[in-house]
Amino acid sequence: MVDSSNIADRAERHPDAIRALERRAAYSASRPLAQALTDAQADALRRWTLTAGPGHHTPVGDALRQLVDYVRKLIRDAFAGRGKQALRDAERAAYNAAQLGTRQAAAIAAAMRGQPTPPVQAAIGDEAQQACDNIPAAIEEEQQGALALLTAAGLTALGMAGLNSAFQRARRAVGRITRGMAVAITSAAANGARLVARALGSGVRLLWVAEPDACPACAAYAGHHIRPGGKFPGGLSLDPRRTVFTTAIPGPPRHVHCRCVTVPWSPDWPVTGTPLPTLLRQRARTARRS
């Protein structure tokens, strides 16, 4: 038989693997757009300098309108195809996360049960797919926001600062890719654990494991467990002043960049020591106080 502290140690290492996968995938997915916008901004500033001439005054009339059209095309070209590519990248990362979550959950369950876990086919699940599907629209929203700032009236009023503000808005799309990727990855990993729990049969629960540096909300979920297909309650927090997540959820993530995990668990499995839900709850609260 295995001790609960050993299981808790293994489970609490899982968020590190999710974090590493998230960082790699987010960088890979967002870097092409980030670089394209950097190049486009440099080109726009060169064009501004040539148009403004030696006095560096804001262009006027046809020269300004041509400059606006030129920069708007630069931004459109930088964004061209980025939504579809980011969607493909997110789906691929989510599937890798689902495989990771499935392997992790199966290994934890096998250790507690003392026997192999039945084979489970990884799938990313509805929550992860929705997070992936939302990314192209988020990218398009930031592109349109940037284009809306590029007007002759805006550049007349703000000068080069107006040009730079449009690119600042455009770069928000990079953050939207990163956030969407984070949600998709953690959701897919949680779905992997959910599929393993279902494969193990009735009576098996999904047990919330908070990441080591969890926020007050996530730390409050440590040790809570539900049936696969159920939902964890909303509104939990170890800090009453930060009880902001009121929606019930089927599992992590509780928020963007949450890397908490769930693992299959049953009180009937022959694990020694402090009951695992109690131990996870104690560890999360101790970590918050330290």
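The values are calculated or read from the model by the stated rules, or taken from the named source; none is laboratory data. None of the values given here were measured: they were computed from a predicted structure. Quick reminder, even Gly has a Cβ in these numbers, built from the backbone with ideal geometry, and neighbours come from all protein chains shown. Only protein heavy atoms, including side chains, enter the accessible area calculation; ligands, DNA and RNA are left aside. Shrake-Rupley method; radii C 1.70, N 1.55, O 1.52, S 1.80 Å.
Annotations
- Scope the stretch 21-37; condition open to solvent by 40 Å² or more (accessible area, probe 1.4 Å) and within 11 Å of the chain's Cα centre (by Cα); matching residues: R23
- Residue list for the stretch 53-81, restricted to those being open to solvent by 100 Å² or more (accessible area, probe 1.4 Å) and of a type in the set (S, T, N, Q): Q66
- Hits in the stretch 195-226 (condition: part of a loop (DSSP other than H, G, I, E, B) and either aliphatic (A, V, I, L, M) or out of contact with any Lys or Arg (no Cβ under 6 Å at 6 or more places or on another chain) (or both)): L200, G201, S202, G203, V204, A210, P212, D213, A214, C215, A222, H224
- Residue check, I124 touching a Lys or Arg at 6+ places or on another chain (Cβ under 8 Å) and among the β-branched types (V, I, T): no
- When residues of the stretch 123-145 are limited to those that are closer than 17 Å to S30 by Cβ and among the polar types (S, T, N, Q), the one nearest to the chain's Cα centre (by Cα): N134
- Residue pairs meeting the criteria (Cβ under 7 Å; at least 6 apart or on separate chains; first part of a helix (DSSP H, G or I), in the stretch 118-134; second open to solvent by 50 Å² or more (accessible area, probe 1.4 Å)): C132/E91
This table checks each residue for (1) crowded, with 18+ Cβ neighbours inside 10 Å; (2) without any contact (Cβ under 8 Å) to a residue 40 or more places away in the chain.
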position	(1), (2)
G145	no, yes
T151	no, no
T156	no, no
S165	no, yes
Q168	no, yes
R172	no, yes
T178	yes, no
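- Filtered residue count, the stretch 240-254, keeping only those that are over 22 Å from A8 (Cα atoms), open to solvent by less than 30 Å² (accessible area, probe 1.4 Å) and assigned to a loop (DSSP other than H, G, I, E, B): 0
- D62 vs. criteria free of Cβ contacts under 8 Å to residues at least 12 places away in the same chain, farther than 29 Å from N134 by Cα and acidic (D, E): yes
- Taken together, Q104, Q115 contain a single residue that is assigned to a helix (DSSP H, G or I) and either modelled with pLDDT of 95 or more or not aliphatic (A, V, I, L, M) (or both), which is Q104.
- For the stretch 212-233, taking the residues that are surrounded by fewer than 18 Cβ atoms within 10 Å (Cβ to Cβ) and under 18 Å from the mean Cα position of the chain (by Cα), the one that is farthest from G101 (Cα to Cα) is identified as D213.
- V209 fulfils the conditions (1) surrounded by fewer than 24 Cβ atoms within 10 Å (Cβ to Cβ); (2) under 16 Å from S4 (Cα atoms); (3) in contact with a strand residue (DSSP E or B) (Cβ under 8 Å, 6 or more places away or on another chain); (4) of a type in the set (V, I, T) except for a single criterion, (1).
- Test set (1) surrounded by 13 or more Cβ atoms within 10 Å (Cβ to Cβ); (2) touching a residue at least 12 places away in the same chain (Cβ under 8 Å); (3) of a type outside the set (K, R) - M1 fails condition number: (1)
- Residues in the stretch 255-272 that are open to solvent by less than 20 Å² (accessible area, probe 1.4 Å), touching a Phe, Trp or Tyr at 6+ places or on another chain (Cβ under 7 Å) and more than 19 Å from G203 (Cβ to Cβ): C260 alone.
- Check on A105, under 24 Å from the mean Cα position of the chain (by Cα) and either crowded, with 18+ Cβ neighbours inside 10 Å or free of Cβ contacts under 8 Å to residues at least 40 places away in the same chain (or both): yes
- Some residue of the stretch 145-159 being part of a loop (DSSP other than H, G, I, E, B) and not aliphatic (A, V, I, L, M): yes
- Pick from the stretch 4-20, criterion open to solvent by 20 Å² or more (accessible area, probe 1.4 Å) and aliphatic (A, V, I, L, M), ranking: nearest to V174 (Cα to Cα): A20
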